[in-house]
Structures are given as C-alpha cells and as structure tokens.
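Trainee: Can you read through this structure? Questions will come right after.
The values are calculated or read from the model by the stated rules, or taken from the named source; none is laboratory data. Since the structure is predicted, the reported quantities are computational estimates derived from the model, not experimental observations. Positions of Cβ are backbone-derived with ideal geometry, glycine not excepted, and every protein chain shown enters the neighbour counts. Keep in mind that these areas ignore ligands, DNA and RNA; they rest on the heavy atoms of the full protein, side chains included. Shrake-Rupley method; radii C 1.70, N 1.55, O 1.52, S 1.80 Å.
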Amino acid sequence: MLSVHNLRVEYGARVLFSDLTFSIMPKERIAFAGHNGAGKSTLMKSIAGIIETSGGKVVVPKGTRVGYLPQEGIHVKGISLWDETMRAFGESIALQEKIDRLSAELETLDPRSSPYGDLLEEIGELELQLDDTDPARMKPKVESVLQGLGFNKDDFERDCGHFSGGWQMRIAMAKLFLQEPEVLLLDEPTNHLDIGTQRWVEQYLVNYPGAILLISHDRALLDTLCTRTLAFHHGRCEEYAGNYSYYETESVLRREIQLKQYTAQQREIADIQRFIDRFRASANKATLVQSRIKMLEKIERIPAPEAADAVMSFKFPPPPNSGNLVAKLEKVGKSYGDLTVFKNFDFEINRGERMAIVGPNGAGKSTFCRIITGQEAPDQGEHSFGLKVATSFFSQNHADELDPTKTVLETVEEVASRDSAPHCRNLLGCFLFRGDDVFKKVGVLSGGERSRVALVRMLVAPANFLILDEPTNHLDMQSQEVLRRALADYAGTVLIVSHNRDFLDPVVHKTLEFRPGEDPRLFEGNITYYLEKTADDKMGNTLSSRAGAAAAAAAAASAGTKPATLSRKDQKRIEAEQRKLRTQVLKPLEDDLAELEKTIANFEAAQAKASDDLSKPDVVASPAKFRLVTNTVEQITQKLETAITRWESLTEEIEQVKAKLL
C-alpha cells in the first residue's frame, strides 16, 4: 500500500535516518517506538509529504490517500463546527453536485441522440466514484463521530474559533476519521482526550478499515491496537512483529543474543589474531598464517550491541508528617459567569490516599485542583487544610512562570531540598535533559521541555500533598516509568489529573469523576475499576430505557401476577418490546460470541501447528527458521490470550443481559 525506500532524513547537522526502508500493508497497525527526539514525528511528517527528505523516496500508489494528524498547531475559526466537519466530504459533495447538474442537463436532450448516451455514461462513471461515500449517510455519520469525540449537539453551530486547542485537535481528528484515508498517520492522538473519549477513539481505530501508523506514549492504546512495531534508536530502525509490550520484551532478548554472538566472535577473532602474531615470522607456518589472515578478512563483523538506555530510579524527598486530614471542602460552589462548575460540593482527602481525577475537558478538574491547593478561592463554602500540610502543585501553567534567564539546572536546584540537591542532574536525565542540555536557558526551551522542567522542580521540593495536572503529557515511556515508580513508593498524599490508564492504575486506589452539570462521583478503586463500573452503569441505563414497561411486565410475570389493567393490546405491545429488546441487545452479543469462539478455535489450531513446526529437523537445524517459528508461536499465543479474555468478558456481559431480561 505504501513503501519507504532508502530514506534519509537530516535535522540540521544531525542525521536522523539513513537508508531507512520498510513497507506498510493494507489494514496494518504499526507503532513507532523510541525516546523523544529519536525522529518519530519527523519521519511521520516525511511520509505525509509535509517535509522534504534528504534522500530516498516514499512511494504512495495512485489512488491511495494519506491522512495526517499532528500533535498540535491546528486552529480553525470563522466557520461552524458542523460546516468545518462536513468539509471532510468535499470531494463527495462536489461529485454529487456535478451529477445533479448533469442529470438536469440530461432531461433537455433527446434520448435517441449521441450526446444523451455520452452524458448518461459520464453520470454512471461519476456515480460509481460516489458509491464508496454515500452522501445520504453523511449527516448521521458526522453526528456520530462528533458526539463520540465529546461534542454536544449544542456545539454543532458554534464557531470553531470558540474551541480551545485540545478541542481544535478533536475537530481535526473528526475530519480525518470521516475522510477515511487508506493510510492514517496519528501523532499522539489521545493527548487532549479524556478517558471516555479515549475509549471511543480506541474502539474506532480497532475497527478502522485502513492502515494506521501511530505515535503514542499510551501503552494501553499501543498494546490494544498495534500488531507491529518500528523502533528507532540512535539512528537505526528495528522491526518487531508485535505490540509495544512485545517490543520491550523482544528488544531485551535480541540485545542479549547479539551480545552473546558478538562476544563469541570477538573470542574467535582474538584466537585467530594470536595465531597470526605468534607464527608470522615462521617460514614453516607461512601458508597457515596467510590462510588465517584471509579468514580474518572474510569474517563479517557483528557490531557491538548498544547499551540500553538506563532507566534511572528516583525517590521523592521524605515528606514531612501531616495530620490525618489533608484537605477538606464544605458546601463549596464555583461559577464563571453563567457556568456553574460546583454547587454544594463536599470533599475530603486523608493522609496517604492516592486519587485519580477524571472527566471530560471543561468539567472542572483543573478548577478543583486550584481550589483544593488554595490557589483559587471558592465562591461559596469553605476550604481548609489539615495540620502541617505542605502542598506541591504541578500544572501546565507553571511552565510559563519559569525564569527564562536561568539554566535548566539552576531552575531545579533553587527549589531542591538538601537531600535531593545532589541528585538534580541525574533526575533531569530521567526526564530527557541529558549532557549539556541542563545548561540550556529556559527561554530557548519548547513548551513541552519547559513543562518537564516544572515537573522536576516539583519533584525535588519536599511536600506531603502532591497535586499533578496531566504530568505525563510530555513524557516518553521511560520518563513515565520513573515517575510512576516514584509515586508508587511515595509516602504522602496524591491527586493526579490524567487520562493515562497504564500510568494511573498501579498508583491510585480511588477515582473522582467530574461531569458537566452533575455532582462529582467517587469510586473506591483505580481506573480499571472505574471504567468497569461506569460501563455497567451505562449498560443498566440502556437496558432500563429500552425495556420500560416490558421490564415491569416481566417482573410481574416472574412474581406470578399479571397487571389487571393491561388490555390484550397492551400485552401484545409489551411482548413485542421484549422481543425487540432481545433482538437489539442480546442477539448481537450472542453473534459476537459465536464469531469469537470460531476465532479462538482458529488460533488454537494455528498454535498447535506452529508448536509442531518447532520440532521439525529443518527448523531445529536453522537458527533463523527456529527464531521465526518461535516468534510466530508467541504472536499466536498473545492473540489467543487476548481473544480468551474478550470471550470471558463477553460471556459475563451476556449473562448480565439475560438476568435483566428474565
């Protein structure tokens, strides 16, 4: 579908890639992996044709459309959300208008004339082009995608200029999804999404009909979606036939194998060289020496394996002791003009609690953080801290408050405690400031780099109450791991606003959800627990709304009674509603289960065959074949485990539906 041949990409004096070659097949899901600065985004822009390459070429077959979603920088204004989104169908609308115009012209011609036949043929060709994008289905499709991305119907006629940067990216994403290009390039697509919208996007991409190239620091998304990984490291690209977790495991194994091969070869070379050095002056051994020299020259040298990037460990400074009550809100209200964020809101957090703050953009998460830290006063009610509470708050705005004349290292050291001061430089290395980067002036840093400096400042200051507002937005996987481990070992109290499920799950044990126009809800569990509970609630509400009188009638029937006031007509209507409910809810689930059981059977058969292949003599005798078959077994096993997990979930869901229909 799309191929990259001998691509060379330079950034200033630095060569990011040289002789890079790979192909993208239809419907593939490929992850770009590597630390920040490895060139992933630059490569994606090269494939999209946004920047010119220094050499090589990107081959896109005729008729193949490539769609690109950047990380940021999109801003549209002067047009309504609906009209801007409908631009995704610009080609289809133009085709339909041309067909309508030609059809009107056709009515003026003599059906027996040659122009009539030519025009009829042209209309037929245009209608064939239009078949793939049915204009009659545009409006419901646009509405579905916009609502899936978090927009309300009231937003449809709003000017795009009224939406913030995060919502602007959602508008661009909606247009891209509706265009359905054959190759979709996504650079951090979930950065500006809440957890609910992120789940919708994830499911949409799972079912997307084209190929997808994805850059993301969301491990859960990469593992769910991608089946192939291209890893970029020190100017090289390595391919892995699996998702991100598979890449992490396999890359360690490859490095170990390469180290063993390199060590063995170096030992062999050293033995040959010793023989040459020992007998070089001996006339009797001249032939043997020359033979060894030629042997040495023919050896294809295995490169020394590059050392893996060290994952630094970091611990927060010991937090000062506080009272059991950390912070409390009583009957708090907060409004901005006509917008009411909170009303009579009560909240309490105690020492040692770790809580995730979730909800859609604009629901009040950041406002809550400012109020709970005392940075913003509520309009009504009271806010109070417990005894000896020392807060440390990270927000995206803090990055803009840094002194631009100071170096990165000076900016961090000025707030460090005595215990953490000696570790400032190592900690900066954990967050991608390595070598001379620590001596850069803050004023020359990008927005993401300044955010990381602000985060490190917060980490080295002693505090017993941490509030983190989207701390992982500008962190690569290794930096996220450093922060996650540090938070897991932290003895103080933590509030985290984030949509990163993989990051949050091991750290938090409570989840506070904000919804516009609703009271905040507290869930006694981590993000996985929260998602399961909200999914159950949603299913319960759906069943209740669809069942209506049918559910009441079923309950009465199970109790051995029959509503005396129901006429025969009403009974037939209730029975019809019950049948409809079974058809619309239960039947699709049972069909999915049957299809999934066939898939599991196919995976089991493929797994058995691949396992048998491992014992074949020709496979055992060839390390390359053995490795290939082993990889195949691992991939099939991984897919089988995923399918079985889905089967268990689907079975449980069907049982719940049946119980509610009884």
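Trainee: Looking only at segment 138-149, which residues are in contact with a Ser or Thr (Cβ under 9 Å, 6 or more places away or on another chain) and at pLDDT below 90?
Mentor: Residues satisfying the conditions are 138, 142.
Trainee: Additional query: Among the residues of segment 167-190 satisfying the criterion of being closer than 17 Å to residue 72 by Cβ and in contact with a strand residue (DSSP E or B) (Cβ under 7 Å, 6 or more places away or on another chain), which is surrounded by the most Cβ atoms within 10 Å (Cβ to Cβ)?
Mentor: Per the criteria, the residue is 189.
Trainee: Hey, another quick one. For residue 262, indicate whether it is open to solvent by 30 Å² or more (accessible area, probe 1.4 Å), modelled with pLDDT under 90, closer than 24 Å to residue 630 by Cβ and in a helix (DSSP H, G or I).
Mentor: yes
Trainee: Name the residues in segment 399-413 that are exposed (fewer than 13 other Cβ atoms within 10 Å of the Cβ) and either of a type in the set (D, E, K, R) or at pLDDT below 75 (or both), would you?
Mentor: 400, 401, 403
Trainee: Another question, if that's okay. Return the residues of segment 421-441 that are assigned to a helix (DSSP H, G or I), over 29 Å from the mean Cα position of the chain (by Cα) and not small (Gly, Ala, Ser); say none if nothing qualifies.
Mentor: 422, 423, 424, 425, 436, 438, 439
Trainee: Out of everything in segment 150-166 that is open to solvent by 40 Å² or more (accessible area, probe 1.4 Å) and part of a helix (DSSP H, G or I), what residue ends up being modelled with the lowest pLDDT? It would help to see each step written out before you state the result.
Mentor: First pass over segment 150-166, keeping only residues open to solvent by 40 Å² or more (accessible area, probe 1.4 Å): 152-154, 157-159, 162, 164-165.
From the residues that got through so far, the ones that are part of a helix (DSSP H, G or I) too are 153-154, 162, 165.
Numbers: 153: 89, 154: 88, 162: 86, 165: 78.
Step by step, filter segment 150-166, then rank; the result is 165.
Trainee: Restrict the check to segment 226-239 and report whether at least one residue is open to solvent by less than 20 Å² (accessible area, probe 1.4 Å), closer than 26 Å to residue 174 by Cβ and at pLDDT 90 or above.
Mentor: So far as segment 226-239 goes, yes, one or more of its residues are open to solvent by less than 20 Å² (accessible area, probe 1.4 Å), closer than 26 Å to residue 174 by Cβ and at pLDDT 90 or above.
Trainee: Moving on. From the list 280, 292, 254, which residue is among the basic types (Lys, Arg), free of Cβ contacts under 8 Å to residues at least 24 places away in the same chain, surrounded by 12 or more Cβ atoms within 10 Å (Cβ to Cβ) and under 30 Å from residue 34 (Cβ atoms)? Walk me through how you get there before you give the answer.
Mentor: Details: 280 fails: under 30 Å from residue 34 (Cβ atoms); 292 fails: under 30 Å from residue 34 (Cβ atoms).
After ruling out the rest, the residue left standing is 254.
Trainee: Sticking with this structure for a sec: Would you confirm, using the coordinates I've provided, whether residue 91 is loosely packed, with under 15 Cβ neighbours inside 10 Å, in contact with a Ser or Thr (Cβ under 9 Å, 6 or more places away or on another chain) and either assigned to a helix (DSSP H, G or I) or not acidic (Asp, Glu) (or both)?
Mentor: In short, yes.
Trainee: Quick test for you: out of 99, 123, 171, pick the one residue that is within 23 Å of residue 66 (Cα to Cα) and either of a type in the set (Val, Ile, Thr) or part of a helix (DSSP H, G or I) (or both).
Mentor: The unique qualifying residue is 171.
Trainee: Restricting the first residue to segment 497-521 and requiring it to be under 14 Å from residue 534 (Cα atoms) and open to solvent by less than 70 Å² (accessible area, probe 1.4 Å), which pairs with a second residue that is basic (Lys, Arg) and modelled with pLDDT of 85 or more meet a Cβ separation below 6 Å and a spacing of at least six or different chains?
Mentor: Hits for this filter: 513/521; 514/365.
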